[in-house]
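A quick write-up on the structure given underneath.
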Amino acid sequence: MEFKEVDVKKMDKNPFSMIADEWMLITAEKEGKINTMTASWGGVGIMWGKTVATAYIRPQRCTKGFVDSSDYFTLTFFNGKQKKAMGYLGSVSGYDEPDKIEKTDLHVIEFDGHPSFEEAALVLVCRKLYAQEMKPESFMRPEEIKEWYSDKDFHTMYIGAIVKAYEAR
């Protein structure tokens, strides 16, 4: 597949459907190894004068250690395709299956030295700017804790500057 660099401010894609309905992969590298997970929570916007993406990772996810160890992560979108692979990558932990990517039909490639996937429709290369664990005392509505965090496994929120974006041709 061939990719071209694009300006994220000029894209006509709907980030709400891309993230919630089509899902994305959050991918990072640590000590020469790559890990990824499927996510349907996140966002894009402007922060500190930069185009940014937010990603949320629970503490028990193997990918969290990879994102924590790296200055960069990628967000990969497939235009609603690759749902089988994404379902697998979201349900199998890298702790239990360190080579889980190899069990899918996805192929790792690098964008500016950062891992993503050859089958992608869109790749956002993000440089970490900020990370913060969500805290129960910061919730305005306690029912959100009851609904989403019964195990008290609060996400860490990552804000990454979108340093480059690539679309498949």
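Rounded to the nearest angstrom and listed largest first, the equivalent-ellipsoid semi-axes of the stretch 79-169 from its Cα gyration tensor are 29, 19, 13. For the peptides 135-141, 83-89, the ranking by packing is 83-89, 135-141, with the highest mean count of neighbouring Cβ atoms within 10 Å listed first. Residue 148 contributes an accessible area of around 110 Å² to the protein surface, as traced by a 1.4 Å probe with all chains present.
The residue among 62, 138, 93 whose Cα reaches farthest toward the positive pole of the charge dipole of the stretch 26-169, with charges on the beta-carbon of Lys, Arg, Asp and Glu, is 138.
Remark: accessible surface ordering of 7, 71 (largest first) is 71, 7, probe radius 1.4 Å.
Expressed as a rounded percentage, what relative contact order does the stretch 36-100 have, with Cα pairs under 8 Å and six or more residues apart?
34 percent
Across the chain, C-alpha contacts under 8 Å between residues 6 or more apart give a mean separation that, scaled by the residue count, equals a relative contact order of 30 percent. Note that the stretch 27-169 presents 52 Å² accessible area per residue, ligands and nucleic acids not counted, probe 1.4 Å.
Normalised by the number of residues in the stretch 79-147, the average gap of Cα pairs under 8 Å and 6 or more apart makes the relative contact order 16 percent. Distance from the C-alpha centroid of the stretch 119-167 to that of the stretch 44-87: 8 Å, rounded to the whole angstrom. Mean silhouette area of the stretch 39-118, derived from the convex hull of its C-alpha atoms and averaged over all directions, reads 6.1 nm². Carbon and sulfur atoms: what percent of the 1.4 Å accessible area of the stretch 82-157 do they account for? Roughly 50 percent of what the probe reaches on the stretch 82-157 is carbon or sulfur.
The values are calculated or read from the model by the stated rules, or taken from the named source; none is laboratory data. Since the structure is predicted, the reported quantities are computational estimates derived from the model, not experimental observations. Positions of Cβ are generated from backbone atoms using ideal geometry, with glycine treated the same way; all protein chains shown enter the neighbour counts. When the accessible area is computed, the model is the full protein with side chains, heavy atoms only, and any ligands, DNA or RNA have been set aside. Shrake-Rupley method; radii C 1.70, N 1.55, O 1.52, S 1.80 Å.
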